[in-house]
Structures are given as structure tokens and as C-alpha cells.
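Only the coordinates and a few stated rules stand behind these numbers; no lab work does. It should be emphasised that the depicted structure is a prediction, and the values quoted were computed from it without experimental measurement. Here the Cβ positions follow ideal geometry from the backbone for every residue, glycine too, while neighbour counts run over all protein chains shown.
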């Protein structure tokens with residue numbers, strides 16, 4: 001019987017921009033430097049923060065997204081990702097009680113997948129990071145509200161961030177004491193930890209290179225100096241009793257032949273989940289990572305995965321690798337299975353911001369000013385290398401690019417979903433493309449939530465490999 005669950009602390013905040021990433025990443029790095037093996041997690045669909053978590057801990061940054069994988073998988077995925085560790089640090093998303101927005105009018109106060117919900121599923125205490133700028137005695141009322149709003153969530157303490165002076169800190173500590181919330185740390189206002197941002201948040205750790213490593217080191221040093229690490233470790237707890245998630249069990253029967261699945265990586269394609277690679281391997285694939293900025297396709301390639309990322313920031317260099325673009329076009333014409341999400345969709349198009357791409361799909365894309373963001377309850381409209389028609393999934397859109405031209409006549413859409421706005425809720429949106437062996441879409445999915453899609457893809461890759469020996 002499973003009895004032990006690695007203790008965890010959830011780092012949350014009243015609102016976005018309070019400093020969760022600085023505190024969570026700094027805690028991970030400081031604890032690791034002290035000889036503690038730290039399991040890093042991020043609530044929600046974020047791909048960027050986990051890259052910094054991985055730098056801080058030396059382990060894969062993992063996501064706990066109850067909307068995309070289902071609440072029943074949160075415990076098993078937590079057990080899987082924390083195996084062999086001493087403590088887990090879980091960075092929250094947005095404000096503590098913020099989650100998927102229900103526009104139906106039936107449950108507008110609910111917030112599926114919120115940090116609070118995940119903390120309750122883990123049985124882990126919450127440490128609230130408060131941006132202290134502008135706060136004084138009224139902080140007591142804020143903490144009282146967060147402590148009593150949902151009794152299933154335990155606020156174990158607060159870390160004061162961006163504190164202006166010793167006098168400011170003294171007043172804030174008195175406010176916390178008034179409502180019985182322990183102060184676990186007090187961070188001064190600083191500017192040197194700022195990590196450059198772009199239209200979707202932080203620049204990815206891989207793109208930022210040595211500067212990202214320096215930023216993580218600075219976060220760890222800041223936390224080590226101003227946060228009570230012993231109190232954090234003592235506070236950590238978890239009551240997860242579920243059996244750990246197992247890629248082998250989820251994948252089912254392995255495909256024969258160990259088909260080579262090439263996954264695009266490097267600075268332009270950094271958005272992916274650790275469980276995806278684990279499921280590909282468990283399904284029988286041999287995984288080979290390549291960098292479209294400079295590499296060619298691996299030998300014996302039988303399938304290609306092009307995940308999300310920021311190709312618009314690297315369009316000129318991607319376009320310069322003409323040999324790879326020609327090879328992708330060639331194997332796509334042969335029917336090789338290709339799974340392309342968001343950035344991958346752009347890469348398969350004709351042009352991106354005026355730069356030539358692979359030309360597998362007869363579409364063009366450009367960067368725009370409007371942000372498309374949110375969960376989508378989607379249904380597969382066509383049979384493909386990933387899904388049977390009619391398969392229902394919950395995915396997530398997150399982009400500022402748009403398709404501005406299409407020469408495709410009657411394209412087969414990958415997905416259909418209702419417009420998330422209540423005002424036009426009857427409108428059905430058809431998105432993405434199914435063309436030959438290609439499944440390309442803006443929609444991000446979490447493979448752990450739909451493991452059959454991965455084994456189906458590997459089966460298609462194995463069939464392609466046999467046909468093209």
C-alpha cells in the first residue's frame with residue numbers, strides 16, 4: 001500500500017506579477033544548494049517557468065494542469081515527478097483562486113484548475129507571496145480574506161516581496177501577526193533580478209542561455225539571504241495517496257521496430273511536456289531531438305514532432321536552414337506522421353512574417369497585436385495520426401500570431417469547438433489542419449491527459465518506417 005508522499009509547498013499569490021517565479025525558483029535553487037533534492041512543478045499550462053525550474057533543480061520542470069489532464073491525474077503525476085526527491089516546490093498560476101473561466105453563466109464563481117484546487121488535491125500548504133508595494137496595515141485584511149475564503153486551502157505563511165524599508169517591513173509584520181499568518185521571508189525591492197520579457201511572458205531559459213543561469217543563481221541567493229528555509233521545509237506536507245503515474249502502463253502495448261521520432265528543439269521550439277517524451281519512449285519510439293535552426297533530420301526518421309515555441313523570434317535563421325526545410329517538405333509528401341502544435345503549425349506553413357518556411361501547408365502567418373489565450377474544449381473533426389474523429393480533449397491556446405492567407409481549398413480542420421465567449425457561444429470554430437500524415441494546430445494538448453494519442457502516433461510512425469525501409 002502506498003503510504004509516503006514527498007512533502008510539498010505551494011507558492012501562490014493574490015495576483016499575477018507578485019513575484020511567484022522569483023520566490024519559487026529561488027527556493028528551488030537555494031534548497032538544492034543546501035543538498036536537498038527538489039522536485040519542481042508549475043500549476044497550469046505554462047511552458048516558460050518550468051525551464052527556469054529545471055535550471056534551478058537539475059530535474060525536468062513539470063506541470064500540474066487539472067484542466068488538461070483531469071483532476072484524477074494530478075496526484076499520480078505528482079507522485080511520478082517527485083519520486084526520489086526530498087521536497088517539492090509547486091509554483092502556482094495567476095492569483096491563488098484563479099483558474100479556467102466559466103462563461104456559461106452556470107458556474108461563474110468556480111475556477112477549475114486553480115492553484116488553490118491543486119493545493120487541495122496535494123494536501124499541501126500554501127505560502128502566499130505578496131507584493132508589498134502600496135501595502136501597510138490593510139495587508140491584514142487581505143491575508144484574512146485569503147485565509148478564510150476556502151477552508152480546504154491552508155495558508156501556511158507569507159513571503160513579503162519588494163519591501164521598501166525596515167520600517168515598512170515592521171508595519172507589514174505587525175499586520176501579518178494580527179491575523180496569525182507567519183512571515184517566512186521578506187525580500188527587498190530590487191531591479192537586477194528582472195528577466196527580459198516578451199509578448200507571452202519571460203524569455204525561455206534556453207534562449208536566455210548564461211543570463212538565465214545567472215538570473216536563477218541570483219534568485220537563489222536572494223531567497224537564501226531573506227527567506228527562512230528551515231521554516232519552509234518544516235511547513236512542507238502532502239497527503240497524496242495515489243499510485244504514481246506510469247508511462248509504460250499508460251502507453252499500453254509497445255509498437256514494434258522502435259521507429260525514430262524526431263522532436264524539434266533548440267531555442268525556437270521549447271514548449272513541451274516531459275511526459276510527452278516519456279510516453280513516446282514507452283510506446284516504443286526512439287526519440288531524437290534536433291534543432292531546426294542548424295540541424296537536419298535524424299537518420300531513419302519515421303515521425304516528426306514540432307512543438308510550440310517562438311519561431312517568429314528566429315524566423316530568419318529558420319528560413320536559412322533550407323536543406324532541412326526541403327527535407328521536411330519531402331518526407332511530408334511521403335506521408336510521414338507529423339505532429340505540429342502552434343509554433344509547429346507556423347513552421348509547416350509557406351511563410352512566417354515574410355520568411356520562407358517548410359511549405360507543407362499552404363498557409364502564411366504573421367505576428368499580430370492580439371493575444372489569443374485560453375482553454376478550449378475541442379473535438380477532433382477528422383481521423384488523423386493522433387486522434388480518431390470524435391475524440392474530445394481539453395487543450396490550450398497561447399499565441400499572438402495569426403494565419404493571414406490560405407490557398408487550401410476545403411481544408412480538413414483538425415478541431416472544432418464552441419467560441420468561448422458567451423456572447424457568440426453558438427458559433428463553432430474550426431481550427432488546424434489534417435493533411436496526409438500531418439496534424440497541425442494552434443491547440444496545445446497535454447499527452448498525459450490523452451496518452452492514446454501518443455501510442456496511436458507511434459503506431460503510425462512504425463507503419464511508415466516499415467513501408468519506407
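Things worth noting here:
- The spacing between the range 30-49 and the range 140-182, judged by their C-alpha centroids, is 24 Å.
- Length-normalised contact order for the range 218-352 - Cα pairs under 8 Å, 6+ apart - percent: 24 percent
- Remark: spin-label model distance residue 320-residue 15 equals 4.3 nm, labels positioned 7 Å along the Cα→Cβ axis.
- Potential lengthening between residue 373 and residue 214 on full extension [0.36 nm per residue; Cα-Cα distance subtracted]: 54.2 nm
- Taking a ≥ b ≥ c as the square roots of the eigenvalues of the Cα gyration tensor, the range 247-467 is classed as oblate, since a/c reaches at least 1.5 and a/b does not exceed b/c.
- Using 0.36 nm per residue and subtracting the Cα-Cα separation, the extra length available between residue 37 and residue 430 on full extension is 137.0 nm.
- Taking every DSSP bridge with both residues inside the range 8-235, close to 15 percent are antiparallel.
- Value of [θ]222 nm, deg cm²/dmol, for the chain, DSSP H segments ≥ 4, -39500 (n - 2.57) each, nearest 500: -9500 deg cm²/dmol
- Remark: spin-label model distance residue 299-residue 412 equals 3.4 nm, labels positioned 7 Å along the Cα→Cβ axis.
- Across the chain, C-alpha contacts under 8 Å between residues 6 or more apart give a mean separation that, scaled by the residue count, equals a relative contact order of 15 percent.
- Whether the range 424-465 is rounded, prolate or oblate, judged on the alpha carbon gyration tensor where a/c under 1.5 counts as rounded: oblate
- For residue 149 and residue 239, the difference between the fully extended length at 0.36 nm per residue and the C-alpha to C-alpha distance is 30.3 nm.
- Remark: the Cα gyration tensor places the chain in the prolate category, a/c being 1.5 or greater and a/b exceeding b/c.
- Cβ-Cβ FRET estimate between residue 167 and residue 133, R0 fixed at 22 Å, reported to 0.05: 0.90
- FRET efficiency, residue 355 to residue 388 (Cβ-Cβ, R0 30 Å, nearest 0.05): 0.25
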